[in-house]
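What follows is a single structure, written as structure tokens, with notes after it.
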Amino acid sequence: MLARGGALSPLSGLGNTHHAAVDRLKSGIIEGYELGSVHEYKISKNPIRRLWKRWKSGPANVNSKSKFHDITHITDQEQAGLTPRNSISVITVHDLFHLFPNTRNGISVGEQNPSFIRKRDIDRIKRGISRASLLICVSMDTKQECEMRFPGVPTVWIPHGIEVEKYRRNMARPKWFNEGKNLLIIGSEEQRKRVEFAVNVCGGMNVTLHKIGAESSLHAKNQICELAKEVNCKLNWVGKVSEDEKIAALQHADALLFPSIAEGFGLPPLEAYAAGTVALVADAPAHNEIPLEHHILPPDDIDMWRASILELQDESAEVVKRAENFSINRWAERHKEAYDSLF
């Protein structure tokens, strides 16, 4: 049984990984294992009803259904309160930011001042993780932190899988690309993503920086656009795009900039590699586990980032080969080994 709480959209990060797990189990790609059922529920607008489902009815239903399945797999750590008490259970842990907030490079990561209700919720999540049979960690950094925070709970490293072939289809060059170098930054405007740093890097350079992704807030967007004017950065605020539009942009870009200071995994650099494009990545967990060594840059060294942009060259063969280490087939093999270990 695959389990989560509220049914998040497949366009969201956690929603996408849940849907991918459902589809892959249905396809039979994990040898010896099949999907028995999926536990989820429609997200209510009523906060009291949401809390009841999250704390009471949801865990009760999963605990009851788990008796009819060999494994209960909870697809993200935020739903660890669903962990059944007397059944074999697996939790995929993407990150621990919100359970153990910290500060990296002067930027707050995670919920620094959670409400009283959220504190109780976090306690339930931690207890759920502590009683799991196995934690599947999407990065080595998260695996190490899980071993420190939850000693005695077995862990295994299984990075996200990607359909490399999907990124190799020939796509037309985006009409909004300019002459000269076209760079991408993908993601929200959360502080940890450091879009402002990318804008400062590109300031005064003969490049266009295209910002892709849904806005966190209009205020954040306006601040970043104002900064771009101040530092003379040619910023093209693209916003939300379709999957095909994103792949086309990745294929035709000169590079992806990924200056984030904290990620559970960091999928955009891997997507760039699969598309045959260089990803310049800040040396920070856990996205620094993905790229080739010379694409990993000091988080705050603007001059080195600029030099790397000026020295860009075609490395498509090398980066695609690296992306193939994260293929869906390898993902399936790793999950089979993890599930087998429970028996």
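The values are calculated or read from the model by the stated rules, or taken from the named source; none is laboratory data. Everything numeric here is computed off the predicted structure, so don't read it as measured data. Cβ: placed from backbone, ideal geometry, glycine included. Neighbour counts: every protein chain shown.
Just wondering, is there one or more residues in the range 209-218 that are surrounded by fewer than 14 Cβ atoms within 10 Å (Cβ to Cβ), without any contact (Cβ under 8 Å) to a residue 24 or more places away in the chain and more than 27 Å from residue 314 (Cα to Cα)? Scanning the range 209-218, I find at least one residue that is surrounded by fewer than 14 Cβ atoms within 10 Å (Cβ to Cβ), without any contact (Cβ under 8 Å) to a residue 24 or more places away in the chain and more than 27 Å from residue 314 (Cα to Cα), so the answer is yes.
Looking only at strands (runs of 3 or more DSSP E) that lie completely in the range 1-111, which have at least 1 residues being on the phi < 0 side of the Ramachandran plot and modelled with pLDDT of 95 or more? Filter on the range 1-111 gives 2-6, 38-41, 72-74, 89-93.
Quick test for you: out of 168, 149, 194, 173, pick the one residue that is assigned by TED's automatic domain parsing to the domain that holds residue 123 and out of contact with any strand residue (DSSP E or B) (no Cβ under 6 Å at 6 or more places or on another chain).
Details: 168 fails: assigned by TED's automatic domain parsing to the domain that holds residue 123; 194 fails: assigned by TED's automatic domain parsing to the domain that holds residue 123; 173 fails: assigned by TED's automatic domain parsing to the domain that holds residue 123.
Of the residues listed, the single one that is assigned by TED's automatic domain parsing to the domain that holds residue 123 and out of contact with any strand residue (DSSP E or B) (no Cβ under 6 Å at 6 or more places or on another chain) is 149.
Looking only at the range 42-76, filter to residues that are among the aliphatic types (A, V, I, L, M) and surrounded by fewer than 16 Cβ atoms within 10 Å (Cβ to Cβ); which one of those is nearest to residue 128 (Cα to Cα)? Selected residue: 60. Here 175, 166, 221 are screened, and the one residue that is surrounded by fewer than 19 Cβ atoms within 10 Å (Cβ to Cβ), in a loop (DSSP other than H, G, I, E, B) and either touching a residue at least 40 places away in the same chain (Cβ under 8 Å) or not small (Gly, Ala, Ser) (or both) is 175.
So, in the range 224-243, of the ones that are at pLDDT 95 or above and in a helix (DSSP H, G or I), which residue ends up farthest from residue 164 (Cα to Cα)? It comes out as 230.
Evaluate the following for residue 254: is it in the same structural domain as residue 211 (by TED's automatic domain parsing) and either within 19 Å of residue 171 (Cβ to Cβ) or out of contact with any strand residue (DSSP E or B) (no Cβ under 8 Å at 6 or more places or on another chain) (or both)?
Taking the combined requirement at face value, the residue satisfies it.
Among the listed residues 330, 334, 322, which satisfies the condition of being surrounded by 15 or more Cβ atoms within 10 Å (Cβ to Cβ) and free of Cβ contacts under 8 Å to residues at least 60 places away in the same chain? Going through 330, 334, 322 in turn, the sole match is 322.
This table checks each residue for (1) aromatic (Phe, Trp, Tyr); (2) under 20 Å from residue 124 (Cβ atoms); (3) in contact (Cβ under 8 Å) with a residue 60 or more places away in the chain.
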site: 14; (1), (2), (3): no, yes, yes
site: 23; (1), (2), (3): no, no, no
site: 47; (1), (2), (3): no, yes, no
site: 86; (1), (2), (3): no, yes, no
site: 91; (1), (2), (3): no, yes, no
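Can you say whether residue 66 is closer than 21 Å to residue 159 by Cβ and not assigned by TED's automatic domain parsing to the domain that holds residue 242, as far as the supplied structure shows? Spelling it out, it is not the case that residue 66 is closer than 21 Å to residue 159 by Cβ and not assigned by TED's automatic domain parsing to the domain that holds residue 242.
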